[in-house]
Amino acid sequence: MEYVFTLKYQLADEDQAHEHMVERLFEAGCDDATIGVGQPGRIALAFRREAPDAAAAIYTALRDVKRAIASARLVEAGPDFVGLTDVADLAGVTRQNMRKLMLAHASQFPLPVHEGNASVWHLSDVLGWLMSRGAYPISADLIDVAKATKQVNLAKEAREIEPGFNRQLAPLVT
């Protein structure tokens, strides 16, 4: 099965020569990715990868990128962090309809990762909630990719938690 996802990286100063980097990525197995180098010091790889499941597709892509550019630091795996407009587009509804659903079911709607003027959710949480509600044309592949990219992003952030602090907080943040 083919899975579509994006990996964004921060590059070390020594990996700024894009021509060599693209060759190394291709040789490491990233020939199924479109490479974007718009922002200085960053690279985005939009993958269309064949694998038995989404987690395997993403894992092998992460491995291949690390093999090509060992100093690259993962910024984000996507699709994961989304606003209401993004979710509405994927669910085939208007942003206004999505907002009405969120407000009408405020106690059941997934909690945002960031709440503010532009709130952000994990895509898999909102898609799962929508699927539990019924007739939304959301592909199982998208849900699988969104779940896997969420896990990658959570694992990346979890490395930053101090062990003692984590034990103290665990019972308080559920």
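Within the range 19-30, is even one residue farther than 22 Å from Glu160 by Cα, buried (at least 18 other Cβ atoms within 10 Å of the Cβ), of a type in the set (Phe, Trp, Tyr) and not assigned by TED's automatic domain parsing to the domain that holds Glu115?
So the first thing to find is which residues in the range 19-30 are farther than 22 Å from Glu160 by Cα, and the list is 19-30.
Narrowing the set further to residues that are buried (at least 18 other Cβ atoms within 10 Å of the Cβ) leaves 21, 25, 30.
Next cut, of a type in the set (Phe, Trp, Tyr) only: none.
The answer is no, given that none of the residues of the range 19-30 is farther than 22 Å from Glu160 by Cα, buried (at least 18 other Cβ atoms within 10 Å of the Cβ), of a type in the set (Phe, Trp, Tyr) and not assigned by TED's automatic domain parsing to the domain that holds Glu115.
Which one is farthest from Pro52 (Cα to Cα), of the residues in the range 119-158 that are among the polar types (S, T, N, Q) and under 11 Å from the mean Cα position of the chain (by Cα)? Quick ask: steps written out before the conclusion?
If we filter the range 119-158 for residues that are among the polar types (S, T, N, Q), which is where we start, we get 119, 124, 132, 139, 149, 151, 153.
Now narrow it down to the ones that are under 11 Å from the mean Cα position of the chain (by Cα): 124, 149, 151, 153.
On the way: Ser124: 19, Thr149: 16, Gln151: 18, Asn153: 21 Å.
Result: Asn153.
Which one of these does Ala77 not meet: (1) within 19 Å of Val4 (Cβ to Cβ); (2) touching a strand residue (DSSP E or B) at 6+ places or on another chain (Cβ under 9 Å); (3) part of a helix (DSSP H, G or I); (4) not β-branched (Val, Ile, Thr)?
Exception for Ala77: condition (3).
Please go through the range 80-96 and pick out each residue that is surrounded by fewer than 20 Cβ atoms within 10 Å (Cβ to Cβ) and under 9 Å from the mean Cα position of the chain (by Cα).
Phe81
For the structure I just gave you, tell me whether Leu103 is in a helix (DSSP H, G or I), in contact (Cβ under 8 Å) with a residue 24 or more places away in the chain and not assigned by TED's automatic domain parsing to the domain that holds Thr6. Break it down stepwise before answering.
Details: in a helix (DSSP H, G or I): yes; in contact (Cβ under 8 Å) with a residue 24 or more places away in the chain: no; not assigned by TED's automatic domain parsing to the domain that holds Thr6: yes.
No, not satisfied.
Can you say whether Thr85 is outside any strand (DSSP E or B) and under 30 Å from His20 (Cβ atoms), as far as the supplied structure shows?
no
The values are calculated or read from the model by the stated rules, or taken from the named source; none is laboratory data. Everything numeric here is computed off the predicted structure, so don't read it as measured data. So basically every Cβ, Gly included, is an ideal-geometry build from the backbone, and we count neighbours across all protein chains shown.
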